[in-house]
1. Could you give the length gained by full extension between Ala52 and Val92, i.e. 0.36 nm per residue of separation minus their alpha carbon distance, to one decimal place?
2. Provide the per residue accessible area, probe 1.4 Å, for the chain, rounded to a whole number of square angstrom.
3. Please find the FRET efficiency linking Ile191 to Trp22, where r is the Cβ-Cβ separation and R0 is fixed at 25 Å, and quote it to the nearest 0.05.
4. Got a number for carbon plus sulfur as a percent of the chain's accessible area, 1.4 Å probe?
5. Tally Lys and Arg at +1 and Asp and Glu at -1 over the other residues with C-beta under 9 Å from the C-beta of Gly77: what net charge comes out?
6. Using r as the Cβ-Cβ distance of Lys164 and Asn43, and R0 as 45 Å, what FRET efficiency do you calculate, to the nearest 0.05?
7. Before anything else, pin down the relative contact order of the chain: Cα pairs under 8 Å, at least 6 apart, normalised by residue count, whole percent.
8. Using helices alone, I'd like the mean residue ellipticity at 222 nm for the chain: each DSSP H run of four-plus residues gives -39500 (n - 2.57), total over residue count, nearest 500.
Amino acid sequence: MEVMSLKQNRKTKLNQQKFALWVGMASILMMFAGWTSAYIVKNAAGNWLEFALPNAFYISTAVILLSSVTLQFSYIGYKKQNEKMYKVLLPVTLILGFVFIAFQYVGWMELFNSGVDLKGNVSGSFTYLITGAHALHVLGGIAALIVAMVHALSLKFRYTEKRKNRFELVLQYWHFVGVLWVYLLLFMLNIK
């Protein structure tokens, strides 16, 4: 009886890594909520420079959404023990992550070339701050994807709960930064 209750207790135990990830994502969300709140307050104060968001930001949105789809299918491949699907889509996701960052950079250059810089109006500064901070979080996700890819390509393929949980951490964070980007883009579109 005691052995059975210990096994049941382990199954219902909170996954500490996932909990830490969710706490981290909540703190990131709070940070962006603070910045978007400050954005609203400053916008309402007047003297706000109106400008169109660069087309590169819309392209990067499609890229990050596609990368979430490819990572989700890589995860499904892992769970179904489809090694090829798992190992092909993981690097595709990584490449799309880099493409997202590249389009963000192109967007910043479009902004800068149109006269929106960090020293001018506060609206431009907020746009660089919000998109730049998000890009840094995506780079963190790219680092996690690199580790996941190294594991996928260097370890002998086999399905384990530990590997599945590790992959889920990457998956959840990647979906988080994707959804966060969509929110930020929609927010900036509605405030302008």
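1. 11.3 nm
2. The answer is 57 Å² per residue.
3. 0.35
4. Working: 7370 of 10890 Å².
Answer for the chain is 68 percent, counting heavy atoms of protein chains only.
5. Charge balance in the 9 Å sphere: +3.
6. Efficiency, rounded to the nearest 0.05: 0.55.
7. With pairs under 8 Å counted, the relative contact order is 29 percent.
8. -29500 deg cm²/dmol
The values are calculated or read from the model by the stated rules, or taken from the named source; none is laboratory data. Keep in mind that this is a model prediction, so the values were computed, not measured. Neighbour counts run over all protein chains shown; Cβ positions are idealised from the backbone, glycine included. Calculation scope for accessible area: heavy atoms of the full protein, side chains included, ligands and nucleic acids excluded. Shrake-Rupley method; radii C 1.70, N 1.55, O 1.52, S 1.80 Å.
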